[in-house]
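Derivation of every value follows stated rules applied to the coordinates shown; laboratory data play no part. As the structure is a prediction and not an experimental result, all values here were calculated from the model. Don't worry about glycine lacking a Cβ; one is built from the backbone with ideal geometry, like all the others, and counts go over all protein chains shown.
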Amino acid sequence: MPFLDHVLQPPSYGWKDEQGKLVRPSNRQIFKEFFSRLNIFKDRKNWLPFFSWLKVLCLAPFFFIFVFNYLSWWTFLAAFVYSMIVMGTHGTIWHHRYCTHGAYTFRNKFWRFFTQNLTVNVIPEEIYVISHHVHHSKSDEPGDPYNAQAGFLYCFLADVNHQPIAKDLSESDYGRVKKLMCHTGVTANTYAQYQKWGSYVNPLNAILSWGLNWAFWYTVFYLIGGNALACSLFGAAAFWAVGVRTFNYEGHAKGEDKQREGTDFSMNDNSINQLWPGFVAGEWHNNHHLYPKSARSGFKPHQVDMAWYYIKMMNVLGAVTSYKDSKKDFYERYHLPYLLQKKEKAAFAAGKTPVEVILPVKVILPISKAGLS
């Protein structure tokens, strides 16, 4: 069985039925699985998904303190920018383009650590990275840990129900997990520790990293704007922590086919380019599925890419030594041929030059389907 077929812990309701079709569990089944996997008293190997949601619960009081005690025009603006732009862009820079896809490299460990801790610590790298490799391998197919075709809750609670790594990996398969994670700087469990805790990261290291990160950022925010700013921005982190769990459902068109000609070129899945995630987080999702290892996914002039701007700035400063940029290839293989085909179709419709003379349709379609995995 291929590694990515069994690296994740399957839910009790399974990925697919006997006919190989996607299992669409009921909301009751999803919630039952969710609370079962959060139960650390039942199995200590449930500690990482429990820890992930514990962070959200610990951030929630800050959100309510912000709303009921410190809400003003300036704290609202600060919270909006921090949650929508800063946290969102950092997720794209760190978890998505670096940790998962290795789209760029740092000069040294200091700049990696600096980038990792640019914001309040929320999402464990392990839960994001391994499952995201599976997502790209099986986008919108059975086994995709956040398959939008199975509904909103299937995606929203995926970090607990579908994304943790399997607890019974062989030593060689666990070694492959380590290879996918080693560049992130997160210290790995030994295989014996993995067998005990069911995770790549050790609980003590995760808790220590969390505590130091939160202490640092609360102190910084307090020194800048007192408790008002600190509570507002930690509350904003709570808002983002919940909101980010909705992205893959929206980013894959709620399981429907909503791709637009000339806008979405990756046609082997339901991913779509959306203005809001693109503008605030550089998450042009269809472009990303077309070129997952590119440090830039905002290819067109209007596709603002804040994550790319940070990576490029770090490259200019010498903190990032190399990166992959697929913009030129995107234009040559997809966008310019599309524009030419569109122009020739219009000419053909007007009774001028036949489309086939300059750019036959049969040339375009294979191009659009190339390199999509």
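Once the other residues with Cβ under 15 Å from the Cβ of Val304 are scored (Lys, Arg +1; Asp, Glu -1), what is the net sum?
So the surrounding residues net to +2.
Cα axis of helix 171-181 to longest principal axis of the chain: angle in degrees, 0 to 90, nearest 10?
The answer is roughly 80 degrees.
Per 5 Å bin, what percent of the C-alpha pairs of region 1-106 does each bin hold, from zero upward?
2, 9, 10, 13, 14, 16, 16, 11, 5, 2, 1, 0
Can you tell me which lysines have their Cα less than 23 Å from the Cα of Lys45? Leave out same-chain residues fewer than eight positions away.
Partners found: Lys32, Lys55, Lys167, Lys178, Lys179, Lys196.
Would you please give the FRET efficiency between Ile224 and Glu256, computed as 1/(1 + (r/R0)^6) with r the Cβ-Cβ distance and R0 = 45 Å, to the nearest 0.05?
0.55
Within 10 Å of each residue's Cβ, count the other Cβ atoms and sort Tyr309, Tyr174 from fewest upward.
Listed from fewest to most nearby Cβ atoms, that is Tyr309, Tyr174.
Let me make sure I get this right: for region 151-230, a, b and c are the square roots of the gyration tensor eigenvalues over alpha carbons, sorted descending. Under 1.5 in a/c it's rounded, otherwise prolate if a/b > b/c, else oblate. Which is it?
oblate
Roughly speaking, what is the centre-to-centre gap between region 1-49 and region 305-327 when only Cα atoms are used, to the nearest Å?
About 37 Å separates the Cα centre of region 1-49 from the one of region 305-327.
For every other residue with a beta carbon closer than 11 angstrom to the beta carbon of Gly151, add +1 if it is Lys or Arg and -1 if Asp or Glu, then tell me the sum. Don't skip to the answer; put the middle values down first.
Working: positive: Arg24, Lys254; negative: none.
It works out to a net charge of +2.
What do you get when you divide the Cα radius of gyration of region 65-205 by 2.2 N^0.38 Å, with N the number of residues? Provide the component values of the computation, followed by the final result.
Working: Rg = 17.4 Å, N = 141, 2.2 N^0.38 = 14.4 Å.
This ratio for region 65-205 stands at 1.21.
For Ala188, which sequence-distant residues (separation of 5 or more, or a different chain) have an amide H within less than 5 Å of its own amide H, given hydrogens modelled in the peptide plane?
The list, which skips near neighbours in sequence, is empty: none.
Using a basic spin-label model with each label point 7 Å from the Cα along Cα→Cβ, how many nm lie between His183 and Trp74?
4.3 nm
Using a Gaussian network model of the chain with C-alpha springs under 10 Å, which one of Cys182, Cys155, Cys99 is most mobile by mean-square fluctuation?
Cys182
Relative to the longest principal axis of the C-alpha atoms of the chain, give the angle of the C-alpha long axis of helix 306-317, reported between 0 and 90° and rounded to the nearest 10°.
80 degrees
Under a 5 Å amide H to amide H cut-off, with H placed in plane at 1.01 Å, what residues pair with Val320 once short-range neighbours are removed?
Arg107, Asn315
At a threshold of 8 angstrom on Cα-Cα distance, excluding pairs fewer than six apart, so keeping six or more, what relative contact order does the chain reach in percent?
Dividing the mean separation by the residue count of the chain yields 22 percent.
Counting other C-beta atoms within 10 Å, which of Ile130, Ile65, Ile207 has the fewest, and how do the rest follow? Before the final figure, lay out the partial values.
Values: Ile130 24, Ile65 18, Ile207 13.
Ascending number of Cβ neighbours within 10 Å: Ile207, Ile65, Ile130.
Using alpha carbons only, how many angstrom separate the centre of region 60-128 from the centre of region 166-235?
A separation of 14 Å, based on Cα centres.
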